[in-house]
1. Just the number please: accessible area per residue for the chain, 1.4 Å probe, all protein chains included, in Å².
2. Rounded if a/c is under 1.5, else prolate if a/b is larger than b/c, else oblate: which is region 2-61, with a ≥ b ≥ c the root eigenvalues of its Cα gyration tensor?
3. Ala16's amide H: which non-local residues (gap 5+, or another chain) put their own amide H closer than 5 Å, with H modeled 1.01 Å from N in plane and none for Pro or chain starts?
4. Tell me the relative contact order for the chain as a rounded percent, counting alpha carbon contacts under 8 Å between residues six or more apart.
5. Dipole size in debye (nearest 20) for the chain around its Cα centre, Lys and Arg Cβ +1, Asp and Glu Cβ -1?
6. What is the sum of charges, Lys and Arg at +1 and Asp and Glu at -1, for the other residues whose Cβ falls under 15 Å from the Cβ of Leu62?
7. Ignoring ligands, DNA and RNA, what percent of the 1.4 Å accessible area of the chain is carbon and sulfur?
8. Only sites in a loop by DSSP and with at most 16 other Cβ atoms within 10 Å count here; which GluC sites (Glu not before Pro) in the chain make the cut?
Amino acid sequence: LSACDLPLGGRRVTAAANSVEAACPDCGVVSTRVHQRTRQKVKDLGVGGKDIELVIIKPRFLCSEAACARRTF
Ligand SMILES: [Zn+2]
């Protein structure tokens, strides 16, 4: 999505996961209902001798199965 230089050196790269559906790890029901999007930082990525901070924006889904104890995943 974007890339920018950080004030203390290094570079931040932001990417988004393109998942539109996922299966609940508890009940296995596939859901397309996005609850929210979370930002996950992946640190200590060195590319070509430069520090790279990778930020991945990924969806958190609502489980579609009413009887499932897990609400989001
Ligand atoms: Zn579930």
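1. Counting only protein heavy atoms, the per-residue value for the chain is 73 Å².
2. Here region 2-61 falls in the prolate category.
3. Residues meeting the criterion, in which the H sits 1.01 Å from N, are Ile57.
4. 33
5. Working: 12 positive and 7 negative charges, 37 e Å.
Charge dipole of the chain: 180 debye, to the nearest 20.
6. Charge balance near Leu62 sits at +3.
7. For the chain, the apolar C and S fraction of the accessible surface comes to 50 percent.
8. Listed in order of number, the matching sites are Glu21, Glu65.
The values are calculated or read from the model by the stated rules, or taken from the named source; none is laboratory data. Remember, it's a predicted structure, so these values are computed and weren't measured experimentally. Glycine gets a Cβ as well: all are built from the backbone with ideal geometry, and neighbour counts include every protein chain shown. Please note that ligands, DNA and RNA were not included when accessible areas were found on the heavy atoms of the full protein model with its side chains. Shrake-Rupley method; radii C 1.70, N 1.55, O 1.52, S 1.80 Å.
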